[in-house]
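What follows is a single structure, written as structure tokens, with notes after it.
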Amino acid sequence: MRSNFLLPLLILLVACTGGEKPSTEATTIATDTTVKVVPLRPWPGYYEDTLACSDCEGLYTQLWLRSDSSFVRRDRYLGKDTIASGTIGSWRVEDGRLALVHGNTQQAYFVQVEEGLQAVDAAGGPLDPAHPNTLEKLADEIQDEIPRMKVTGTFTYMADAMSFTPCGATRSWPCAGGEEWTDEGEVLGSLNTRELERHYLRSVKQGGEPWLIEVECSMAMGPAMEGDGADEYIFIHRVLGQIQACP
């Protein structure tokens, strides 16, 4: 009787434990919500690439980080802009992140990645996990001319010396008419320095007053204002209009 009782029980146990075991591995969808940073390297250099844009084909961005903690950024909205917009300011590093400062406003943040720089938010997270938003570092040394761009700022002319202080910048640059920069000025019909002077004097009440304007300009080396050597100039090709104040 005992064997007849145990046999059904053994059959039941085998049926319960037999066959393939169900998988205990959970199915997950990988999402990239972090930025893979690299050990810090020297920040200064030249960077460029196309960043994501919600209402255009892409934002072609060029960034010059200078060793004196200044930067020049040139942005062109692909499919919309014919002239790039320029921003000139200062940069600093906060908690391992690069902050671009324009006037009193922190304009953008980046962290170092293998390719160069990745745009992040103020907390260090990716702006858009679906897009890398990276700028490739193409050079450690910056020696090239900065092509034409729209820049707002204050022009002054005093004692036969012209200078231009871009909005958001902490210093001024010597400047001249874009025609003086013959690589592109003469071909594209830029202002010469004499025409720029006349334009200024027609627009202010008396010489020496600040003239707030938006200009199409480029940046390149020119003769030093004092002594031998060279200084970086802002070459004004066109005056696009007057402004009431720096933004």
| said: Just to be sure I understand, how many residues within segment 210-240 are in a strand (DSSP E or B), of a type in the set (Gly, Ala, Ser) and either farther than 26 Å from SER70 by Cα or free of Cβ contacts under 8 Å to residues at least 24 places away in the same chain (or both)? | reply: 1
| note | Sole miss for THR61 among (1) among the β-branched types (Val, Ile, Thr); (2) outside any strand (DSSP E or B); (3) closer than 15 Å to TYR46 by Cβ is condition (2)
| segment 128-155, residues that are out of contact with any Phe, Trp or Tyr (no Cβ under 6 Å at 6 or more places or on another chain) and among the small types (Gly, Ala, Ser) | ALA130
| task | Give the residue, chosen from GLY207, GLY241, GLY227, that is at pLDDT 95 or above and more than 20 Å from GLY103 (Cα to Cα). | result | GLY241
| task | Find the residue count for segment 76-89, including only residues that are crowded, with 18+ Cβ neighbours inside 10 Å and either more than 21 Å from GLU214 (Cβ to Cβ) or of a type in the set (Asp, Glu) (or both). | result | 0
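Go over the candidates GLU141, GLU197 one by one and state the one that is over 25 Å from GLY89 (Cα atoms) and either more than 25 Å from the chain's Cα centre (by Cα) or at pLDDT below 90 (or both). Can you show your working first?
Details: GLU141 fails: over 25 Å from GLY89 (Cα atoms).
Only one candidate qualifies: GLU197.
Would you mind stating whether GLY207 is surrounded by fewer than 16 Cβ atoms within 10 Å (Cβ to Cβ) and touching a residue at least 12 places away in the same chain (Cβ under 8 Å)?
Details: surrounded by fewer than 16 Cβ atoms within 10 Å (Cβ to Cβ): yes; touching a residue at least 12 places away in the same chain (Cβ under 8 Å): yes.
So GLY207 fits the description; yes.
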| request: Tell me, yes or no, whether segment 170-184 has at least one residue that is within 26 Å of LEU59 (Cα to Cα) and touching an Asp or Glu at 6+ places or on another chain (Cβ under 6 Å). | output: no
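The values are calculated or read from the model by the stated rules, or taken from the named source; none is laboratory data. As the structure is a computational prediction, the values presented were derived from the model and not from experiment. Every residue, glycine among them, receives a Cβ derived from its backbone with ideal geometry; neighbour counts consider all protein chains shown.
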